[in-house]
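The values are calculated or read from the model by the stated rules, or taken from the named source; none is laboratory data. Quantities reported herein were computed from a predicted structural model and do not represent experimental measurements. Virtual Cβ from ideal backbone geometry, glycine too; neighbours counted across all protein chains shown. Areas reflect the complete protein model, heavy atoms only, side chains present, ligands, DNA and RNA absent. Shrake-Rupley method; radii C 1.70, N 1.55, O 1.52, S 1.80 Å.
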Amino acid sequence: MKKILSVLFFVAFSASVWAQSDFKLRRVHLYRGGAAMLEYAGEVATRQARFQMPLPAGALTQGVHVRVDDREKLVNYLVHHSGMEIQQPLATKKALLAHNQGYNIKVECFEGNDGVSYAGEVMRIDTTGELLFLRSGNSIEVIPISTIMHISGGAALNVSKSVQQLAPTLSVYLVGDYNALPITVLVPITGFESDARYLLDFDKSKPELSLDLTINAPMKLDEVDILYYNHAFQEREVAAFSSQAAFRLAGVNILPNTRSTYQVLSTEVPLQLSDEVDVDAWEPLNQNLSMKSSGKRYLSLSNNSVMDWFSTVVYERKGLSLGLIPSKLPEVPKKATVKMEYGPSPYILTDNARLVKVVKKAVSLNGMKYDSYLYVGRIEIRNTSREAGRVRIIKHAVPDSRRNYWFANSFIDLKGKTKQEMFQLEYEVKVEANDVAFYSYRYELLIPSDN
């Protein structure tokens, strides 16, 4: 791919003056999915001028945007295709001979073991491209092109041919007096490849999370700032451009079509592993006496960095690892904590409960009568792991979908628990390795009475 200079050049016209001061590529805004936006910036000083700059290969001509810092100044710009004449070298004997048609040349051929020289005017090459017709005096020589070893004479400049090439060009029209006016050109471009990934390292004294950014740029970058965004590029963002990037690299140098990796973030990650078992609610007249529930394991991540962690694949360094972590890290705002499911918990709960209806007991609340139901049960917690741990039990008392159920006084005979009014019982229990623990509970449920 052609090398693109980061310092833009210009075309000045006879009746206008253009002066620029350090106008060059300042930033590259990378978006998820490979799109990017180039930000050129500098100062201009002119009275009336037109500034032209060729757009780099892969630029999106529909999204180019030009801004000046002074809103009172007039600026107009457009993207068009301008013609450019380039010289294309003639790399083959056939092309060189064809381009020298009508000129006198001298060729040296090897026929068998003998060398033969011919001199004359190039007439033409046959349609097969294998024979050269050369006028020598009053005769015409037919020479196989494959036998020609040396060619001399002819038109000295005909070793290349002129080719007209169209290239997208940005023209900026400035009217008025501009004394050191800052100007910015935003050019959307494709061809960039970027990959941001996390590495969760448990081998440090405290777990650390590193963010690595890999960039493959189609152009050379010299002392350029790179800003990375955690969303796909949209054309409307060019006009309403703002630098709300996920993170920023300063003074980056990248060779074209070369993969470069940078470590952007390395921060301590407070980790907290918890196990939870959510037990469904028991309803009146439910004759089932037991219910089994498998626990879930959750991992809490605290973001203490200065940037928001965004959702991406997490690579885990083994060693002191806790095990398989989720394939993707959730988006975590800075100075925040997010809980994600870590894997199956080794805890299995069996909820053995029986429902006893207290017929003669009635409760009046706000002038309404309620029948009282008393829950009496026992929870068996089985730890199938080889390590001791803690499990948090959530025992629902009232389904949210049953609005006619009223929850009243709850009694829990766990240590540290007292009479409470709540919609679910929640407590944490420590269980030894390969151990079974039993806990009993009771609570009262009120339902509007038919009497």
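Let me spell it out: the conditions are (1) loosely packed, with under 15 Cβ neighbours inside 10 Å; (2) outside any loop (DSSP other than H, G, I, E, B); (3) of a type in the set (A, V, I, L, M), and VAL277 meets all of them except one. Which number is the exception?
So the condition that VAL277 fails would be (1).
Hey, does segment 227-237 have a residue that's more than 20 Å from the chain's Cα centre (by Cα), open to solvent by 70 Å² or more (accessible area, probe 1.4 Å) and at negative phi?
Here is the first cut: in segment 227-237, the ones more than 20 Å from the chain's Cα centre (by Cα) are none.
Scanning segment 227-237, I find no residue that is more than 20 Å from the chain's Cα centre (by Cα), open to solvent by 70 Å² or more (accessible area, probe 1.4 Å) and at negative phi, so the answer is no.
Open to solvent by less than 20 Å² (accessible area, probe 1.4 Å), closer than 28 Å to GLY63 by Cα and at pLDDT 85 or above: does that describe VAL187? Write out each step before concluding.
On the way: open to solvent by less than 20 Å² (accessible area, probe 1.4 Å): yes; closer than 28 Å to GLY63 by Cα: yes; at pLDDT 85 or above: yes.
Criteria met by VAL187.
Mind checking which residues of segment 340-394 are over 18 Å from LEU289 (Cα atoms), part of a strand (DSSP E or B) and of a type in the set (S, T, N, Q)?
SER345, SER364, SER372, ASN383
What's the total number of residues in segment 89-126 that are exposed (fewer than 14 other Cβ atoms within 10 Å of the Cβ), more than 14 Å from ILE145 (Cα to Cα) and of a type in the set (A, V, I, L, M)?
1
When you scan segment 271-305, how many residues do you find that are over 30 Å from HIS396 (Cα atoms) and of a type outside the set (S, T, N, Q)? Reasoning before the result, please.
Here is the first cut: in segment 271-305, the residues over 30 Å from HIS396 (Cα atoms) are 303-305.
Now drop any that are not of a type outside the set (S, T, N, Q), which leaves none.
Within segment 271-305, residues that are over 30 Å from HIS396 (Cα atoms) and of a type outside the set (S, T, N, Q) number 0.
Find all pairs meeting these conditions: Cβ atoms under 7 angstrom apart; at least six residues apart or on different chains; first residue within segment 97-114 and modelled with pLDDT under 85; second residue part of a strand (DSSP E or B) and open to solvent by less than 100 Å² (accessible area, probe 1.4 Å).
Pairs found: ALA98/ILE125; HIS99/LYS161; ASN100/VAL122.
Cβ-Cβ below 6 Å, separation at least six or inter-chain, first residue in segment 196-225 and farther than 26 Å from LEU255 by Cα, second assigned to a loop (DSSP other than H, G, I, E, B) and open to solvent by less than 30 Å² (accessible area, probe 1.4 Å): which pairs?
PRO207/VAL269; LEU209/VAL269
Would you confirm whether any residue within segment 155-166 is within 30 Å of GLU85 (Cβ to Cβ), in a loop (DSSP other than H, G, I, E, B), touching a helix residue (DSSP H, G or I) at 6+ places or on another chain (Cβ under 6 Å) and modelled with pLDDT under 75?
Start the filter on segment 155-166 by keeping residues that are within 30 Å of GLU85 (Cβ to Cβ), which leaves 155-166.
Narrowing further to those that are in a loop (DSSP other than H, G, I, E, B): 155-159.
Retained after the next criterion (residues that are touching a helix residue (DSSP H, G or I) at 6+ places or on another chain (Cβ under 6 Å)): 158.
Right, trim to modelled with pLDDT under 75 and you get 158.
The answer is yes; a qualifying residue exists.
Looking at segment 164-173, is at least one residue over 56 Å from the mean Cα position of the chain (by Cα) and either of a type in the set (Phe, Trp, Tyr) or surrounded by fewer than 10 Cβ atoms within 10 Å (Cβ to Cβ) (or both)? Steps first, please.
Taking segment 164-173 first, the residues over 56 Å from the mean Cα position of the chain (by Cα) are none.
No.
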